1. Show the residue pairs that are 6+ apart or on different chains and have beta-carbon atoms under 7 Å apart, the first residue being within region 287-305 and at pLDDT 65 or above, the second being not in a helix (DSSP H, G or I).
2. Please go through region 151-165 and pick out each residue that is of a type outside the set (D, E, K, R) and open to solvent by less than 40 Å² (accessible area, probe 1.4 Å).
3. Exactly one of (1) surrounded by 11 or more Cβ atoms within 10 Å (Cβ to Cβ); (2) at pLDDT 60 or above is unmet by D251. Its number?
4. Being acidic (D, E), more than 30 Å from K183 (Cα to Cα) and at pLDDT 90 or above narrows it down to one of D13, D109, D37, D7, so name that one.
5. Among the listed residues K183, K200, K168, K208, identify the single one that is at pLDDT 90 or above, farther than 30 Å from V125 by Cα and open to solvent by 70 Å² or more (accessible area, probe 1.4 Å).
6. Does any residue of region 125-137 turn out to be hydrophobic (A, V, I, L, M, F, W, C) and either at positive phi or crowded, with 19+ Cβ neighbours inside 10 Å (or both)?
7. Select from region 144-162 the residues that are assigned to a loop (DSSP other than H, G, I, E, B), free of Cβ contacts under 8 Å to residues at least 60 places away in the same chain and more than 19 Å from V283 (Cβ to Cβ) and list them in ascending order.
8. Failed condition for A189, given (1) small (G, A, S); (2) over 26 Å from Q61 (Cβ atoms); (3) in contact with a Pro (Cβ under 8 Å, 6 or more places away or on another chain), with all others met?
Amino acid sequence: MGLVKKDEQKKVDEKKEEVKEVKEEPEIVKRLKETEDKYLKLEKEMEKKIQQLVVEYTAKQQPLLDERKKMLCVEDGAGEKTGTPALTGFWCKALQNHPAFNDLVREWDEPDVLQYLQDMQHSFVDPEDSDKGFNLKLTFAENPYFTNSTLEKEYKTEIENPYCGEQKVLGIKCTQIVWKQGKDVTVQAVAKKVKGGGAKKAKQKKEKEEARPSFFRDFFRDLYPKMELSPDAKEMAMSMQEDEAPYGGEDEDDDEEKDEETLVGQLMQFDFEAGAAVKDDLVPRAIRWYTGEACPDDDDDDDDEEGDEEEDDDDEDDDDDEDSEDDSAPKGKGKGKGKGVAKKKGKSPELKAKEAPKEEASSSDPSA
């Protein structure tokens, strides 16, 4: 028995040595890493000083942003009172012109509700370290829709990979909107089916509220890892997956249901990019987004679309030529495979209807 135990221990020791040999790095790699770590240390020092400059100059720029707000809030005494009476719908139009908000701002959000948006501001979660996240603050004039005077968002982040600067979103916390009676634009009334028949039953009209896409729903949603998504949030994440699928075919993962964690991650990344657009683009250069001067140049996309249309037209012409040749060709006789024999068209793939997401109750943030 003693010999057996010794043999087993010997095998274990040999395996440990093998693992150690695999993990052991060449001396040159170790030295290169040490050199790079010194470089990264200096880079970190530089970033710290840059952040100090950012904080300093942000404070110097703030009076200019305050002046902009003051100019937009000047009332001329006539017309409807809005968030920016000097230029009604200023922030609404700036948001609509930014590509990050193309699918977020809906027709029932503007101009009715967003016209009361008065100002947008941002700040850092930690002024000494921008990698820890940022805050957004949207100020609204008194309006008939909700009682909040400000709506705020907090993005908490960290650097996940220091070697490529990859940032990880830890959580997104938003102000809860307090809607006034019958003014919630994030829901819609739909007719509820009445069981049974008869004229009396038909007259009993019942309605229920259902969630619908809205800037005030999709941009003001708490998000954190491993949360349970509400049905509307899950539907939004699934639609984002469809948009990312390759043109002309389904995504490779379409047949496999994405797990909840993946969907949450997609929503958090999408929301973070929209928030960063407010911080980096809209707050500092709002008037250029309002006028459209800051909008991306779509000429290249238009050229590509025109080129695709021309190619499609050429293909159609080629198909017409082939058809005319087939029509003019003599038909084959008997059972022989002559030129006149038509080829069978391939069966078009059937489009499978997307199943509606099962209803799941949203869980609250345990950290709240």
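1. From region 287-305, the pairs are R288/A294; W289/H98; A294/R285.
2. Just the residues of region 151-165 that are of a type outside the set (D, E, K, R), to begin with: 151, 155, 157, 159, 161-165.
Matches in region 151-165: L151, Y155, T157.
3. Condition not satisfied by D251: (2).
4. Values: D13 fails: at pLDDT 90 or above; D109 fails: more than 30 Å from K183 (Cα to Cα); D7 fails: at pLDDT 90 or above.
Result: D37 is the single residue among D13, D109, D37, D7 that is acidic (D, E), more than 30 Å from K183 (Cα to Cα) and at pLDDT 90 or above.
5. Details: K200 fails: at pLDDT 90 or above; K168 fails: farther than 30 Å from V125 by Cα; K208 fails: at pLDDT 90 or above.
The match here is K183.
6. Step one: list which residues in region 125-137 are hydrophobic (A, V, I, L, M, F, W, C), which gives 125, 134, 136.
Now narrow it down to the ones that are either at positive phi or crowded, with 19+ Cβ neighbours inside 10 Å (or both): 134, 136.
For region 125-137, residues hydrophobic (A, V, I, L, M, F, W, C) and either at positive phi or crowded, with 19+ Cβ neighbours inside 10 Å (or both): present.
7. P144, Y145, T147, N148
8. Status for A189: all satisfied but (3).
The values are calculated or read from the model by the stated rules, or taken from the named source; none is laboratory data. Here the structure is a predicted model, which is why all the values come from computation and not from measurement. Cβ atoms come from the backbone with ideal geometry, glycine included; neighbour counts cover every protein chain shown. Areas reflect the complete protein model, heavy atoms only, side chains present, ligands, DNA and RNA absent. Shrake-Rupley method; radii C 1.70, N 1.55, O 1.52, S 1.80 Å.
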